[in-house]
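The values are calculated or read from the model by the stated rules, or taken from the named source; none is laboratory data. It should be emphasised that the depicted structure is a prediction, and the values quoted were computed from it without experimental measurement. Quick reminder, even Gly has a Cβ in these numbers, built from the backbone with ideal geometry, and neighbours come from all protein chains shown.
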Amino acid sequence: MQLGLMAVLIFLSSAENGSTTRDPKDRRQRRISTEVPPSCSRGCELCSQYNGCLKCLPKLFILLERNDIREIGVCLSSCPEGYFGVRNPDMNKCTRCRIENCEACFSKGFCTKCKEGLYSLRGRCYNSCPKGFSTTNGTTECISTVQCELGEWGPWGPA
């Protein structure tokens, strides 16, 4: 009986040493690697096989593209239309333009291109130019309609 019990203990001991279970840390290290796998975009400094690029090389912007419930990171030299670049010491990011009726923006609060059929004034989009403003030369930019009257030349300075 003791011999059988001893054999079972030796078997279990050797099975434990040759176990194929992995430490969860090892699994995490395989997912995030500084080596750029073929699936990662060019210019990527830190990459995940599940989420694409996590950090881009300096001077590049990271754009997070939605793919179902995941976001995939891609490195770009400039942000696409509908986004603007935000530079930080740690990482440069493309941020979605959230100004109403805006197609392209320069910053969080300044639109550079309104959607078709709308007019632009001081970084905002309007259905028509506000009072005191009108378009010129067929553009969609509103400019001041201040009317100046021309008169005779007069002396410079107070009379």
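The figures follow:
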quantity: Search result, residues across segment 76-108 that are aliphatic (A, V, I, L, M) and more than 17 Å from Leu121 (Cα to Cα); calculated: Leu76, Val86, Met91
quantity: Within segment 84-136, tally of residues that are in a strand (DSSP E or B), touching a Gly at 6+ places or on another chain (Cβ under 7 Å) and small (Gly, Ala, Ser); calculated: 1
quantity: One residue from Gly43, Gly117 being on the phi > 0 side of the Ramachandran plot and either of a type outside the set (Gly, Ala, Ser) or loosely packed, with under 11 Cβ neighbours inside 10 Å (or both); calculated: Gly117
quantity: For Gly52: the one exception among (1) surrounded by fewer than 17 Cβ atoms within 10 Å (Cβ to Cβ); (2) modelled with pLDDT of 85 or more; (3) small (Gly, Ala, Ser); calculated: (1)
quantity: Top-ranked residue in segment 58-98 [being of a type in the set (S, T, N, Q) and under 16 Å from Ser41 (Cα atoms); ranked as modelled with the lowest pLDDT]; calculated: Asn67
quantity: Long-range neighbours under 9 Å by Cβ, at least six apart or interchain, first residue over 12 Å from Ile62 (Cβ atoms) within segment 78-98, second part of a strand (DSSP E or B) and of a type in the set (A, V, I, L, M); calculated: Pro80/Leu63; Glu81/Ala104; Gly82/Ala104; Phe84/Ala104; Cys97/Ala104
quantity: Scan of segment 99-112 for residues that are without any contact (Cβ under 8 Å) to a residue 24 or more places away in the chain and not aliphatic (A, V, I, L, M), ordered by number; calculated: Cys102, Glu103, Cys105, Phe106, Ser107, Gly109, Phe110, Cys111, Thr112
